[in-house]
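The values are calculated or read from the model by the stated rules, or taken from the named source; none is laboratory data. Keep in mind that what you see is a predicted model, and the values were worked out from it rather than measured. Positions of Cβ are generated from backbone atoms using ideal geometry, with glycine treated the same way; all protein chains shown enter the neighbour counts.
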Amino acid sequence: MKSFENVRGMRDFLPDDLTKRKFVEGRVRDCFRSYGYEEVETPVIEYLDLLSARAGEEIRHRMFAFKDLGGRNVALRPEMTASIARVIATKLRLEAKPLRIGYIANCFRYDNPQMGRYREFWQAGFELFGSRSLEADAEIITVNNDLMKRLGFSDFFIKIGDVRILRGLLGSERINESDQSAIMGLVDKRKIKSVISFLEERKVSNDCLKTVKKILNLKGTDYQRIVNEARKILTQSEASLKALNDLETVINLAQLSGVETPFLLDVGFARGLEYYTGMIYEIFVSDLGIALGGGGRYDGLVELFGGEHTPAVGCAPGIDRIVLAMEKKNLFPASLGATDKVLVIPVSEALSAKALEITAILRSNGISAQNEVTGRSIGAALSYADKKGYSYTIIFGPRELEKNCVTIRFMKTKEQKEVLISEIADNIKHS
């Protein structure tokens with residue numbers, strides 16, 4: 001008989017795995033409530049044109065795209081921002097702004113599976129629509145920072161930059177938008193030699209080449225020093241200087257909002273999505289070389305999907321990577337997923353109807369209770385209860401029922417006592 005395995009890059013979430021994921025999702029929803037983000041859900045399948053717009057060449061090539069039975073070009077969503085922007089452009093276009101939207105969703109990319117990277121992965125998101133203020137940028141950083149703190153992380157840092165710094169330089173050399181996006185894609189992959197070759201082919205000025213080389217290597221945690229050095233380098237582009245000044249202000253505002261996490265300012269920073277129009281950032285923890293989340297400003301996306309021009313900024317914490325990092329750092333509570341469970345064991349199948357009554361009583365009192373349903377012996381049933389982590393077992397036979405009683409066994413201590421059926425729930429709750 002053929003043995004079926006998972007499709008490569010896809011996973012089954014067994015109880016322990018799912019419990020950890022749901023724990024992280026619970027902390028995300030705590031942040032939704034604290035910061036006023038209203039949760040939405042969107043379809044897993046969207047039109048290919050929508051998902052391809054401004055996605056970036058790398059992601060476009062890695063989408064699960066296909067024709068449906070109606071001949072329409074569709075795809076599994078590779079990320080969520082495009083779908084949320086579509087909702088803003090259509091269903092929520094008349095809502096008062098700003099709008100704070102949250103989501104938790106699975107996404108799909110045909111990536112090479114490796115540590116922290118799967119072909120189906122889970123993202124959370126915080127998206128703020130309708131504000132072009134730097135305070136909105138700082139809020140997105142603050143909420144992501146708060147989430148990390150709520151999850152128990154302490155040794156993490158925020159890598160931050162602004163796409164307008166590099167795009168401003170390229171624009172001053174009349175590099176068209178398509179070529180700019182290609183260059184940003186190379187920068188995201190840290191293919192610096194390819195960037196320089198690309199610019200040389202476009203015959204940019206020597207001053208521009210020198211400046212690009214310098215900013216692509218200008219980064220550090222002493223962000224004020226990096227800002228000062230960058231100001232001396234970027235004198236040829238007013239747009240780049242303005243972006244740098246805005247970035248400094250965003251960091252200062254985030255710190256005023258309580259963000260004490262170190263900032264790594266990377267002047268030549270880029271991310272793989274083309275729709276970013278301003279500040280971008282990613283969050284890293286020590287000893288794990290992958291970002292646990294990131295985001296940035298994307299002011300043109302809603303308009304691209306037929307809505308009014310709507311400035312926007314958002315972030316997408318990566319749930320799978322957060323779970324991985326929490327496992328490595330032992331941040332999950334020791335009691336995670338632990339609940340007091342009761343197994344009800346009649347001494348014979350003839351008493352199974354009474355066992356159903358007893359489990360019903362327990363459940364009506366908010367206690368997790370299950371029946372022994374395989375007909376195994378008392379000893380075998382107790383062994384099973386021990387292996388599966390039951391806190392209590394309830395055993396009864398005709399002798400106990402004559403007195404309207406059962407025997408409660410405390411699985412950790414192996415102690416047991418006889419109690420009235422009417423008092424089972426109270427005994428368990430107060431034990």
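Specify the residue that is surrounded by the fewest Cβ atoms within 10 Å (Cβ to Cβ); the eligible residues are those in the stretch 373-389 that are touching a Phe, Trp or Tyr at 6+ places or on another chain (Cβ under 9 Å) and at pLDDT below 95.
The extreme case among them is 374.
Going by the conditions given, is residue 270 of a type in the set (Gly, Ala, Ser), within 22 Å of the chain's Cα centre (by Cα) and within 23 Å of residue 61 (Cα to Cα)?
Yes; evaluated as a whole, the condition is true for this residue.
Could you list, in sequence order, the residues of the stretch 281-320 that are of a type outside the set (A, V, I, L, M), over 12 Å from residue 127 (Cβ atoms), touching a Pro at 6+ places or on another chain (Cβ under 8 Å) and assigned to a strand (DSSP E or B)? First the steps, then the outcome.
Step one: of the stretch 281-320, the residues of a type outside the set (A, V, I, L, M) are 281-282, 284, 286-287, 289, 293-300, 303, 305-311, 314-315, 317-318, 320.
Then drop every residue that is not over 12 Å from residue 127 (Cβ atoms), which leaves 281-282, 284, 286-287, 289, 293-294, 299-300, 303, 305-309, 317-318, 320.
Subsequent filtering for residues that are touching a Pro at 6+ places or on another chain (Cβ under 8 Å) retains 293, 299.
Matches in the stretch 281-320: 293 only.
Residue by residue through the stretch 331-360, note down the ones that are in a loop (DSSP other than H, G, I, E, B), under 40 Å from the mean Cα position of the chain (by Cα) and either crowded, with 17+ Cβ neighbours inside 10 Å or of a type in the set (A, V, I, L, M, F, W, C) (or both).
Across the stretch 331-360, the qualifying residues are 331, 332, 334, 336, 338.
For the stretch 207-265, what are the residues that are charged (D, E, K, R) and in contact with a helix residue (DSSP H, G or I) (Cβ under 8 Å, 6 or more places away or on another chain)?
Selection gives 213, 214, 219, 231, 238, 242, 246, 248.
What are the residues in the stretch 203-219 that are at negative phi and not in a helix (DSSP H, G or I), if any?
204, 205, 216, 217, 218, 219
Tell me the residue from 88, 104 that is at pLDDT 95 or above and either out of contact with any strand residue (DSSP E or B) (no Cβ under 8 Å at 6 or more places or on another chain) or more than 27 Å from residue 243 (Cα to Cα) (or both), please.
Matching residue, one of 88, 104: 104.
Does residue 140 meet the test of being in contact with a Cys (Cβ under 7 Å, 6 or more places away or on another chain) and modelled with pLDDT of 95 or more?
On the way: in contact with a Cys (Cβ under 7 Å, 6 or more places away or on another chain): yes; modelled with pLDDT of 95 or more: yes.
Spelling it out, residue 140 is indeed in contact with a Cys (Cβ under 7 Å, 6 or more places away or on another chain) and modelled with pLDDT of 95 or more.
Anything in the stretch 113-164 that is buried (at least 18 other Cβ atoms within 10 Å of the Cβ), under 19 Å from residue 252 (Cα atoms) and among the polar types (S, T, N, Q)? List them, or say none.
Listed by number, the residues that qualify are 131, 142, 144, 145.
If you go through the stretch 412-419 one residue at a time, do you hit one that is surrounded by 13 or more Cβ atoms within 10 Å (Cβ to Cβ), at negative phi and at pLDDT below 95?
There is at least one residue in the stretch 412-419 that is surrounded by 13 or more Cβ atoms within 10 Å (Cβ to Cβ), at negative phi and at pLDDT below 95.
Would you check which residues across the stretch 31-84 are under 17 Å from the mean Cα position of the chain (by Cα) and not in a helix (DSSP H, G or I) and list them?
37, 38, 39, 40, 41, 42, 44, 77, 78, 79, 80
Looking only at the stretch 201-223, which residues are free of Cβ contacts under 8 Å to residues at least 24 places away in the same chain and not hydrophobic (A, V, I, L, M, F, W, C)?
Correct list: 201, 203, 206, 210, 213, 214, 222.
Residue by residue, here is whether (1) more than 29 Å from residue 323 (Cα to Cα); (2) assigned to a strand (DSSP E or B); (3) touching a Phe, Trp or Tyr at 6+ places or on another chain (Cβ under 9 Å) holds:
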position: 88; (1), (2), (3): yes, no, yes
position: 91; (1), (2), (3): yes, no, no
position: 94; (1), (2), (3): yes, no, no
position: 97; (1), (2), (3): yes, no, yes
position: 101; (1), (2), (3): no, yes, yes
position: 104; (1), (2), (3): no, yes, yes
position: 111; (1), (2), (3): no, no, yes
position: 123; (1), (2), (3): no, yes, yes
position: 127; (1), (2), (3): no, yes, yes
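Quick check on residue 296: is it in the same structural domain as residue 189 (by TED's automatic domain parsing) and either at pLDDT 95 or above or over 30 Å from residue 23 (Cβ atoms) (or both)?
In short, yes.
Taking the condition of being touching a residue at least 24 places away in the same chain (Cβ under 8 Å), under 26 Å from the mean Cα position of the chain (by Cα) and under 12 Å from residue 268 (Cβ atoms), how many residues in the stretch 175-198 meet it?
3
Is there a residue in the stretch 181-199 that is among the small types (Gly, Ala, Ser) and modelled with pLDDT of 95 or more?
Checking the stretch 181-199: not a single residue is among the small types (Gly, Ala, Ser) and modelled with pLDDT of 95 or more.
In the stretch 230-265, how many residues are surrounded by fewer than 22 Cβ atoms within 10 Å (Cβ to Cβ) and either touching a Gly at 6+ places or on another chain (Cβ under 9 Å) or not in a helix (DSSP H, G or I) (or both)?
Selection size over the stretch 230-265: 14.
Specify which of the listed residues (46, 41) is surrounded by fewer than 16 Cβ atoms within 10 Å (Cβ to Cβ), under 20 Å from residue 122 (Cβ atoms), among the charged types (D, E, K, R) and at pLDDT 95 or above.
Exactly one of 46, 41 is surrounded by fewer than 16 Cβ atoms within 10 Å (Cβ to Cβ), under 20 Å from residue 122 (Cβ atoms), among the charged types (D, E, K, R) and at pLDDT 95 or above, namely 41.
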